[in-house]
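Presented below is the structure to which this report refers.
The values are calculated or read from the model by the stated rules, or taken from the named source; none is laboratory data. Just so you know, these numbers come straight off a predicted model, no measurement behind them. All Cβ positions, even for glycine, are placed from backbone atoms using ideal geometry, and neighbour counts span all protein chains on display.
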Amino acid sequence: MLVVLTMGNHVADPMADIKGLAQAALQWPARILFPPVCAGCRRQVSQPGVLCGDCWPKLQLLERPWCPVMGTPFTYDMGEGFLSAEAIADPPPFERARAAAAYSGVARQMVQALKYSDRTDLAPWMAGWMARAGTELLAEADAIVPVPLHWKRFFRRQFNQSAELGRALAAQSGLRFLPQAVRRVKMTRRQVGLERHEREENVRSAFQVPPGAEIEIAGRRVLVVDDVYTTGATVRAVAKILKRKGANAVDVLTFARVLPGDFRADESETI
Ligand SMILES: [Zn+2]
């Protein structure tokens with residue numbers, strides 16, 4: 001009945017109306033069957049995508065002072081230009097990395113929910129916190145490139161959590177979103193537990209820039225987006241290939257970051 005009435009009002013494009021109605025019809029029972037739950041503890045909350053009052057203080061947002069290269073927080077303000085031991089010992093191929101939160105507790109549950117539980121509704125919220133941590137990066141970037149999944153993994157999971165975050169960041173910032181600029185051509189093993197040289201070998205030649213995408217990144221400042229910065233091996237490999245293909249500069253923005261000295265066996269690279 002509704003379909004007929006709406007079609008009568010807008011005969012120009014009846015398919016759009018039918019699609020719209022079908023979507024509304026799908027969303028309505030979904031809200032009833034799956035009321036919004038806290039991304040941290042799964043208790044019911046009044047609005048989708050928010051944390052409950054108990055979980056919100058448990059989200060450890062990263063704050064300044066931090067290393068200007070790695071974005072890892074310092075306990076004390078060391079003054080302008082002071083770099084972390086990590087940035088000095090192992091200079092990255094990207095210019096700057098920033099992350100919104102420490103990868104533990106609630107932040108970790110949000111990452112898992114986005115990745116495995118189809119909580120794509122979390123992406124805009126997570127992107128909002130990323131935009132806060134990466135204000136300077138977003139202000140200077142020309143385009144956003146998400147860390148890609150291998151097509152087999154994408155086929156199985158149906159979406160790429162990094163692309164969801166990148167898309168939300170692009171929508172919020174108005175920056176160009178280039179989800180096809182880097183392609184993952186090799187399935188890689190989990191990174192945690194591997195030695196440094198094994199990690200590098202693992203991701204070597206895992207990424208490619210397709211010939212058609214070179215023109216989009218050449219001479220540009222690219223912002224690479226991923227859900228978690230774990231060992232850094234993945235974003236290092238992506239930054240290297242982007243630079244080899246002509247990107248002027250590469251920055252990295254993730255939702256969460258495993259802080260140095262805080263590795264745990266189950267915190268695997270998101271590949
Ligand atoms: Zn909660």
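Among the residues of segment 49-76, just one is within 20 Å of the chain's Cα centre (by Cα) and surrounded by fewer than 12 Cβ atoms within 10 Å (Cβ to Cβ), namely E63. Where helices (runs of 4 or more DSSP H) fall wholly inside segment 122-183, the ranges with 1 or more residues that are crowded, with 21+ Cβ neighbours inside 10 Å are 123-133, 135-140, 161-173.
Report yes if some residue within segment 49-62 is in a loop (DSSP other than H, G, I, E, B), within 28 Å of H197 (Cα to Cα) and either of a type in the set (G, A, S) or more than 15 Å from the ligand (Cβ to nearest atom) (or both); otherwise report no.
Initially, segment 49-62 is screened for residues in a loop (DSSP other than H, G, I, E, B), giving 49-55, 59-60, 62.
From what's left, within 28 Å of H197 (Cα to Cα): none.
There is no residue in segment 49-62 that is in a loop (DSSP other than H, G, I, E, B), within 28 Å of H197 (Cα to Cα) and either of a type in the set (G, A, S) or more than 15 Å from the ligand (Cβ to nearest atom) (or both).
The listed residues are G174, G212, and the only one of them that is without any contact (Cβ under 8 Å) to a residue 40 or more places away in the chain and closer than 23 Å to L122 by Cα turns out to be G174.
Can you name every residue in segment 86-115 that is in contact (Cβ under 8 Å) with a residue 40 or more places away in the chain and out of contact with any helix residue (DSSP H, G or I) (no Cβ under 8 Å at 6 or more places or on another chain)?
Here is the first cut: in segment 86-115, the ones in contact (Cβ under 8 Å) with a residue 40 or more places away in the chain are 86, 92-111, 113-115.
Within segment 86-115, E86, E95, A102, S104, A107, R108, Q109 meet the criteria.
For the residues G232, G219, G261, the requirement of being at positive phi, modelled with pLDDT of 95 or more and out of contact with any helix residue (DSSP H, G or I) (no Cβ under 6 Å at 6 or more places or on another chain) singles out G219. For A89, the conditions (1) loosely packed, with under 12 Cβ neighbours inside 10 Å; (2) closer than 30 Å to T135 by Cβ; (3) away from the ligand (no atom under 16 Å from the Cβ); (4) modelled with pLDDT under 90 all hold with the exception of (4).
Looking only at residues of segment 106-121 that are charged (D, E, K, R) and within 16 Å of the ligand (Cβ to nearest atom), we find that the one that is surrounded by the most Cβ atoms within 10 Å (Cβ to Cβ) is R119. Can you confirm whether segment 174-188 contains a residue that is small (G, A, S), out of contact with any Ser or Thr (no Cβ under 7 Å at 6 or more places or on another chain) and at pLDDT 95 or above? Taking every residue of segment 174-188 in turn, at least one turns out to be small (G, A, S), out of contact with any Ser or Thr (no Cβ under 7 Å at 6 or more places or on another chain) and at pLDDT 95 or above. In segment 83-121, the residue that is nearest to A247 (Cα to Cα) out of those that are among the hydrophobic types (A, V, I, L, M, F, W, C) and not in a helix (DSSP H, G or I) is F94.
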